[in-house]
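The values are calculated or read from the model by the stated rules, or taken from the named source; none is laboratory data. Because the structure is predicted, anything quoted here is derived from the model rather than measured. As a convention, Cβ positions derive from the backbone with ideal geometry for all residues, glycine included, and neighbour counts pool all protein chains shown. Note: accessible area is taken over every heavy atom of the protein model, side chains too, but ligands, DNA and RNA are not part of it. Shrake-Rupley method; radii C 1.70, N 1.55, O 1.52, S 1.80 Å.
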Amino acid sequence: MLKRADPTPGTRNFLAFALVSLLVLPVPALAAKALRFSVNASLVTDDNVNKAPVGDDVREDTFVGVLGGASFVQILGLNSSLIYRASVGIEEYQEFDGLSNASFSFAVDYKFRFVRGFTAPGFTLTASLNEQDFDSDMRDATTFGLLAVADKRFTDRLATAAGLGFKTSESESDVFDNDSLRVFANVDLVLSERALAYTTLNLVSGDVVSTSSPTVDIIAAADAIEADDAFGGRDTGQFAYRLDADTTLLTLGLNYGINQDHSLDASVEFLDSSADGGIDYERTTFRLTYLGVF
């Protein structure tokens, strides 16, 4: 069964399968199996796409995303490997064209274990670089990330992971220059030969960007503020502003394996963010995704 292709930490499911396959293959087949390709296609609905405080400023939207990627595995030893990953993607929004974007990313994972064994813990250190080009130029950004993950299988049905990550973004607008630190925990539970349930909890501390009609409290708390062209800007009184916040994200998902290389994934994410000045917002996102590896 193909498991979900969540970049963190779900990609480890595919990569672990790839690594095990490589270890038991004869040397002539190694190069052929070290390079794999993937494609994800998603339909997403977002009930607060501008991340505004509850009120008349909240906007909803639906978008389609397609992501194609390639990964190459370099075996360093019995207990360690390097994985090089590159991907390109697009997102097309139905209502707010300024949010539509194209992206390119590159990442390197260093995976290792201190001991071998099915239930032995594994560790991954990742460095990533992501470039996004939006129809709203103020959002164009280059993002650098570092991530450390520890994972452990308890049985053939239960697997867990936890990690710590840091991201920093440089954008065309000061509003979208963001830094954040997050910790997360993930649980995968195999329900049947084809079905996998998962849940991920993220706790994030750092910058968030919202768009709404600015109040006195927002102006006082914002580190940066600018008219947001994706939502009409000054003509509609919509301004993007950056705040320091604590954010909680809970994801619940179900993956159904069509076969070894293709699956369908359905998930819902609940987000709650509390920023300086008592400025809060909530957001719920539904996602349906096709995942394939080749």
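Surface composition of the chain: carbon and sulfur atoms hold 61% of the protein heavy-atom accessible area at a 1.4 Å probe.
Would you mind getting the accessible area per residue of the stretch 190-288, heavy atoms of the protein chains only, 1.4 Å probe, in Å²?
On the way: 4780 Å² over 99 residues.
Accessible area per residue: 48 Å².
So, R0 is 51 Å and r is the distance between the beta-carbons of Ala150 and Asp61; what FRET efficiency does that work out to, to 0.05? Before the final figure, lay out each step's value.
On the way: r = 36 Å, r/R0 = 0.71.
For Ala150 and Asp61, the calculated efficiency is 0.90.
The accessible area of Arg113, taken with all protein chains in place and a 1.4 Å probe, comes to roughly 80 Å².
Close Lys pairs in the chain (alpha-carbon distance under 24 Å; sequence gap of 8 or more, or different chains): 7.
So how strong a dipole does the chain carry about its Cα centre when Lys and Arg Cβ are +1 and Asp and Glu Cβ are -1, to the nearest 20 debye?
Working: 22 positive and 42 negative charges, 534 e Å.
Dipole size: approximately 2560 debye.
Work through the residues other than Asn79 whose Cβ is under 10 Å from its Cβ and net out their charges, Lys, Arg +1 and Asp, Glu -1. Don't skip to the end; give the middle numbers.
Numbers: positive: Lys111, Arg113, Arg116; negative: none.
Charge balance in the 10 Å sphere: +3.
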